[in-house]
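Take a look at the structure below.
No lab work stands behind these numbers, since they all come straight from the coordinates. Since the model is a prediction, treat every value here as computed from it, not as a measurement. Don't worry about glycine lacking a Cβ; one is built from the backbone with ideal geometry, like all the others, and counts go over all protein chains shown.
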């Protein structure tokens, strides 16, 4: 979240997200970037004109998706009539699939939910213009990532009461388990979940009532939501389940969306052909990824993709210990995928009938894709029409564009909703109140404080040198000490202000977890704000101003 006092000086655009990549001046990238819509209405228009029936192979893969989507919702207790109808639509070859993906983060931040809202609002808009269109939204839970991924186990709230200006809600993980996959980690104990509730309630109680919401209303919003957390905990068989069940209960129960949730770890069979295709084309894949990363590095661009990724297969190999191994493709003396488990260090392998025509039937459930191939597989094996990405995945999309071209895979329409949410909730208001009425943006104010501190350093440094010289020569030091003491006392007060201002900056600039939204606005009102903004403003990059009344 941006500073709620900040003023948007110019109209933002989606295209500006790609500015550094456009410096490369590559025709392929330019074409890819140009195809990413900046307006919501452009996305709707594209889907309204799309008509591409799925073939038998795609329909078989969709039947697998159907089965495991229903399984998830039965497990989560969110098998609503709308969800059942969406699952039934997967049997129609004319159904368009709109997909978003993410790890099952603890009380996920707004960007995860906004991708789901974007696709649901898009579906409704298209169906309003073309009622005959069959559309299904899918949220793919990337539950095979490591539990050590920070946002999987950390949720944050703005809090001036804490030393950093941020309250951290943490899921504790022993170092011995950091390489476990999220779906292999047990759900949190009831004591941990109760402690999170106590932390949040304490956070609300300690806040001043200077914002637009009273402490009583904030507490009531929390208490209305928390039974969903307890219901998710009672049903979860894993930590991934706990987090994704909470999301499903918000999306499918509270918002009454018919979005289908499905665990990536369960649908490898739907990607069997795709996995075999990636293995048989592993040389092309690796070389293309390597060349793309070299090109980006030459232009000083960090995509977030490890440069060593090209040396490994685009697939992970799972271990019985609950972890997985990065694997390489070996062709001699016998074709195989082999690597060492990240946790137990066991050597793992999958023998291949051949490199050019591998059969992964016997080992399909031991495999899962790395990040870059996921949209490629969704397009190739499920024929999705639209893929909603977050801003954090843009670097991966750039690599993916090169690989898709090399492997002749048609990409779905990419949708990105990067708009900032601007509001002054109870945590942000409490932080700003600590500045004692200073009426200016926190970032420039803090920069001036840093500059003043540097000026004090420049004045104090020669006095310290003078003190040392006088001490060595036996000269009186009282005048120097008096000046030094006075300056250091002033600097001490300045540094205290800097520390406070840094806490305030951290609090108001934080992208908080979903708890902050539901406490301040309620679960349903949060969705209404996002959906209405999309329909009224159209520009996907325009900030969502929560504090303004809906029109």
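Couple of notes before you dig in:
- Length gained on full extension, residue 308 to residue 31, computed as 0.36 nm times the residue gap minus the Cα-Cα distance: 97.0 nm.
- Mean shadow area of the stretch 434-511 over all directions, Cα convex hull, nm²: 6.1
- Cα gyration tensor shape of the stretch 259-384, rounded if a/c is under 1.5, else prolate or oblate by comparing a/b with b/c: rounded
- Theoretical ellipticity at 222 nm over the chain - DSSP helices of four or more residues, -39500 (n - 2.57) apiece, nearest 500: -15500 deg cm²/dmol
- A Förster radius of 41 Å, combined with the Cβ-Cβ distance separating residue 524 from residue 443, puts the computed FRET efficiency at roughly 0.80.
- The stretch 434-511: relative contact order as a whole-number percent, Cα under 8 Å and 6+ apart: 49
- Modelled label positions at residue 489 and residue 538, each set 7 Å beyond Cα in the direction of Cβ, lie 6.3 nm from each other.
- Of all DSSP bridge pairs formed entirely within the chain, close to 50 percent run antiparallel.
- Stretch gain in nm, segment residue 496-residue 198, where the contour uses 0.36 nm per residue and the Cα spacing is subtracted: 104.3 nm
- A simple spin-label model places the labels of residue 39 and residue 455 4.9 nm from each other, with each point 7 Å out along Cα-to-Cβ.
- Once C-alpha pairs closer than 8 Å and six or more residues apart are averaged by separation and normalised to the residue number of the chain, the relative contact order reads 24 percent.
- Span from the the stretch 73-105 Cα centroid across to the the stretch 456-474 one, whole angstrom: 72
- R0 of 35 Å, Cβ-Cβ distance residue 226-residue 547: FRET efficiency to nearest 0.05: 0.90
- Helix 215-235 vs. the chain, principal-axis angle (Cα, 0 to 90°, nearest 10): 40
- 0 to 90° range, to nearest 10: angle between helix 394-407 axis and the chain longest Cα axis: 30
- Of interest is the spacing of the C-alpha centroids, which for the stretch 34-60 and the stretch 114-130 amounts to 12 Å.
- Distance from the stretch 148-182 to the stretch 239-298 (C-alpha centre basis), Å: 23
- Cα extents of the stretch 168-270 along the three principal axes, largest first (Å): 53, 38, 21
- One decimal place: the segment residue 24-residue 464 gains 153.3 nm when fully extended, by the rule 0.36 nm per residue minus the C-alpha distance.
- 0 to 90° range, to nearest 10: angle between helix 239-248 axis and the chain longest Cα axis: 90
- Pairwise FRET efficiency - residue 332 versus residue 364, Cβ, R0 = 22 Å, nearest 0.05: 0.35
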